[in-house]
Amino acid sequence: SPSPSPSPSAATVGLNKKKLGEWLGEPDDRNVEVLFNYARTYAFEGVGFERAFRMYLSRFELPGESQKIDRIMEAFAAAFYDQNPSTFSSADVVHVLAFSAIMLNTDAHNDAVPKSKKMTEEEFINNNRGIDNGESLPAQLLSELYQGIVNNEILTTKERDDEGNLFTDPLKEGWMRKQGGIHKGWSKRWFILSGQPSTLFYFQNENDIDPKGFFPLENVEASRSERDEKQIELRPKMGGFLKSAKYENSGLVTGNHKKCILKCPNSDEAQRWVELLNESSQHHPNGR
């Protein structure tokens, strides 16, 4: 029987990720064959487009040349469509959407692009009008993709270590319990506070590479709960709602809440989290 394909991490560990990206994008037949076979090592079945795209780009640095980027997007599209044939009508649609997503990511997170010139959600949806054989993709899918990328940059390997981990230098990390929004049950999650931009991510397990969800910390205030000294409450500073996002297999699901309650192992930890969360919120690029 044929030997199983190596995992993406096993295939790339120890390699210079900038050079790997350049090599994978080369037009030579051998490079293209390796690129398409490498893309097939990812387990995309049942995974939403955005989450799969982030998985794919976590292991190498994209080259700067647009033709190389296009080739790398084409390999992703082929692998994703092959494992999810009912999600889109063809690999070509995935290819166009992937390239569009990279352009949005660059536009949204490049400081050289003035805020007034950045692509709006409406422009992103219009740019992708008719890409499915003259038909348009569901506006909700494009809207969620836009919000997911704008609120959480797709980071390639410059920001990751050899295992693909994004958060090599977090402001703080540790276990907390998170209260559910509807059923009010408690879920134990591994939290990482990242300062670029100020975001609180949470994971199912400590060693997971990709988060289950996150809270952007723009205009968010953290405080100790009067009810329990181990509990932290996150609330919007200026009224309105606390924004959140979580990854389901179908893609990114966004939410609005009046508050979020977290529970630390002890009161000292709770105090330290509150201090760092508020400090991080003040340094958010759009913080007040």
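The values are calculated or read from the model by the stated rules, or taken from the named source; none is laboratory data. Given the structure is predicted, the values throughout are model-derived calculations rather than measurements. Here Cβ is always computed from backbone atoms with ideal geometry, including for glycine, and neighbour counts include all displayed protein chains. Heavy atoms of the whole protein, side chains included, go into the accessibility calculation; ligands, DNA and RNA do not. Shrake-Rupley method; radii C 1.70, N 1.55, O 1.52, S 1.80 Å.
Show the residue pairs that are 6+ apart or on different chains and have beta-carbon atoms under 7 Å apart, the first residue being within the stretch 96-119 and touching a residue at least 40 places away in the same chain (Cβ under 8 Å) and more than 24 Å from Asn133 (Cβ to Cβ), the second being open to solvent by 20 Å² or more (accessible area, probe 1.4 Å) and assigned to a helix (DSSP H, G or I). Every condition considered, the pairs that remain are Ala108/Val150.
With respect to (1) assigned to a helix (DSSP H, G or I); (2) open to solvent by less than 20 Å² (accessible area, probe 1.4 Å), the lone exception for Phe44 is condition (1). Considering every residue within the stretch 252-265, establish whether at least one is within 28 Å of Asn84 (Cβ to Cβ), hydroxyl-bearing (Ser, Thr, Tyr) and out of contact with any strand residue (DSSP E or B) (no Cβ under 9 Å at 6 or more places or on another chain). No, the stretch 252-265 contains no residue that is within 28 Å of Asn84 (Cβ to Cβ), hydroxyl-bearing (Ser, Thr, Tyr) and out of contact with any strand residue (DSSP E or B) (no Cβ under 9 Å at 6 or more places or on another chain). Within the stretch 140-168, the set of residues being open to solvent by less than 40 Å² (accessible area, probe 1.4 Å), in a helix (DSSP H, G or I) and at pLDDT 65 or above comprises Leu142, Ser143, Leu145, Tyr146, Gly148, Ile149. Each residue in the stretch 102-139 was checked for being open to solvent by less than 80 Å² (accessible area, probe 1.4 Å), more than 21 Å from Arg54 (Cβ to Cβ) and among the aliphatic types (A, V, I, L, M), and 2 pass. Look at (1) modelled with pLDDT of 90 or more; (2) in contact with an Asp or Glu (Cβ under 9 Å, 6 or more places away or on another chain); (3) of a type in the set (Phe, Trp, Tyr) and you find that Trp186 fails only one, number (2).
For the stretch 65-76, the condition of being closer than 16 Å to Ala101 by Cα and among the β-branched types (Val, Ile, Thr) holds for at least one residue. Restricted to strands (runs of 3 or more DSSP E) entirely inside the stretch 171-246, those with at least 3 residues that are more than 12 Å from Ile261 (Cβ to Cβ) and open to solvent by less than 40 Å² (accessible area, probe 1.4 Å) are 186-195, 198-203, 213-216. Just to verify a result, which residue in the stretch 109-132, among those that are part of a loop (DSSP other than H, G, I, E, B) and modelled with pLDDT under 90, is nearest to the chain's Cα centre (by Cα)? Result: Asn110.
To keep it simple, each residue is scored yes or no on (1) at pLDDT below 95; (2) assigned to a loop (DSSP other than H, G, I, E, B); (3) of a type in the set (Asp, Glu).
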residue: Pro63; (1), (2), (3): yes, yes, no
residue: Glu74; (1), (2), (3): no, no, yes
residue: Met103; (1), (2), (3): yes, no, no
residue: Asp107; (1), (2), (3): yes, no, yes
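Apart from one condition, Asn266 fits all of (1) modelled with pLDDT of 95 or more; (2) under 18 Å from Phe214 (Cβ atoms); (3) surrounded by fewer than 13 Cβ atoms within 10 Å (Cβ to Cβ); the exception is (2). Scanning the stretch 86-101 for residues that are touching a helix residue (DSSP H, G or I) at 6+ places or on another chain (Cβ under 8 Å), more than 17 Å from Arg51 (Cβ to Cβ) and not in a helix (DSSP H, G or I) returns a single hit, Ser90. Filtered by the rule that a residue be assigned to a strand (DSSP E or B) and modelled with pLDDT of 85 or more, the stretch 247-259 gives Asn256, His257.
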